[in-house]
1. What does the convex hull of the Cα atoms come to per residue for the range 101-218, in Å³?
2. Under 5 Å between amide hydrogens, which residues at least 5 positions from residue 95 or on another chain qualify, with H placed 1.01 Å from N in the peptide plane?
3. Which whole-number percent is the relative contact order of the chain (Cα, under 8 Å, 6+ apart)?
4. Using a 1.4 angstrom probe, figure out how much accessible area the chain has per residue, in square angstrom, rounded to the nearest whole.
5. List the residues whose amide H sits under 5 Å from the amide H of residue 157, counting only those 5 or more places along or on another chain, with H placed 1.01 Å from N in the peptide plane.
6. Could you give the DSSP H helices of the chain that reach 15 angstrom or more along their long axis (alpha carbon positions) and whose average Kyte-Doolittle hydropathy is no lower than 0.5?
7. Taking +1 at the Cβ of each Lys and Arg and -1 at the Cβ of each Asp and Glu, which of 183, 198, 128 sits farthest along the dipole of the chain towards its positive end, judged by Cα position relative to the Cα centre?
8. Pop out the carbon and sulfur fraction of the accessible area of the chain as a percent, whole number, probe 1.4 Å.
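The values are calculated or read from the model by the stated rules, or taken from the named source; none is laboratory data. Because the structure is a prediction, the values reported are computed rather than measured. Every residue, glycine among them, receives a Cβ derived from its backbone with ideal geometry; neighbour counts consider all protein chains shown. SASA here: full protein model, heavy atoms, side chains in, ligands and nucleic acids out. Shrake-Rupley method; radii C 1.70, N 1.55, O 1.52, S 1.80 Å.
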Amino acid sequence: VRTLPSVETLGSVSVICTDKTGTLTTGQMRVRKLWGDDPHQLILSATSCCDADLNSTDFTTGVGDPTEVAILITAHEHGINKNDIEQKNPRTFTEPFDPEKRLMAIYRKDKKLYVKGAIEALLPLCLITEKQMQQIEHAHQEMSSTGLRILAVATGHGKNKTKLTLQGLIGLADPPRPEVTQAIAEAKSAGITPIMITGDHPVTAIAIAKELNLIFND
């Protein structure tokens with residue numbers, strides 16, 4: 001609510017619809033889990049496909065997409081510095097994130113293509129065996145069920161996004177605000193039904209709703 005008079009004129013409220021990110025949650029995305037054969041290579045590849053920049057004074061904040069800032073924070077913890085990558089292995093071509101393709105890619109001096117994006121969009125571009133697909137699907141389901149947002153990372157040779165090698169999955173979470181659970185409980189006790197609005201995957205949304213006590217296990 002931006003102006004109090006709008007509340008005063010309602011008279012009574014039976015339903016509250018609220019955005020998730022930044023309202024029910026802190027709006028500060030953080031990496032919670034890395035899945036892949038080589039976590040260091042996974043985060044290195046992801047960092048090589050970032051446009052955000054980390055704050056060099058505290059290394060806990062940054063400028064740019066919140067998801068990329070979270071990746072850079074984790075990269076710093078792994079001893080990986082994006083500025084070093086840009087100097088030693090500069091980009092020669094960048095394909096910005098496309099909301100329709102749900103991918104972005106950066107081609108660098110080492111003649112490798114670094115790609116990250118939605119798992120549904122990236123997997124079809126990768127060379128994956130049936131056994132590997134089963135492992136990926138299991139990891140994806142497990143991470144999603146705990147409320148994590150999943151980002152897939154892959155690398156390839158040449159500028160074309162074909163026959164890519166999947167490096168792994170990154171699970172990120174935007175933690176709930178500490179005061180939200182109590183606010184939801186108070187709303188429910190007053191006969192108000194809170195509704196969370198989000199673009200998350202249904203499994204992820206359900207996990208977050210349970211964490212906020214919007215819904216409960218059967």
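1. 114 Å³
2. The list, which skips near neighbours in sequence, is 105, 106, 107.
3. On the way: 366 pairs, mean separation 56.6, N = 218.
Relative contact order, the chain: 26 percent.
4. Details: 12490 Å² over 218 residues.
Spelled out: the 1.4 Å probe surface of the chain, per residue, equals 57 Å².
5. So residue 157 has HN proximity to 113.
6. Working: long enough: 66-77 (17 Å, 0.62); 130-144 (21 Å, -1.70).
Answer set is 66-77.
7. Towards the positive end, the residue furthest out is 128.
8. Its accessible area is 53 percent carbon and sulfur atoms.
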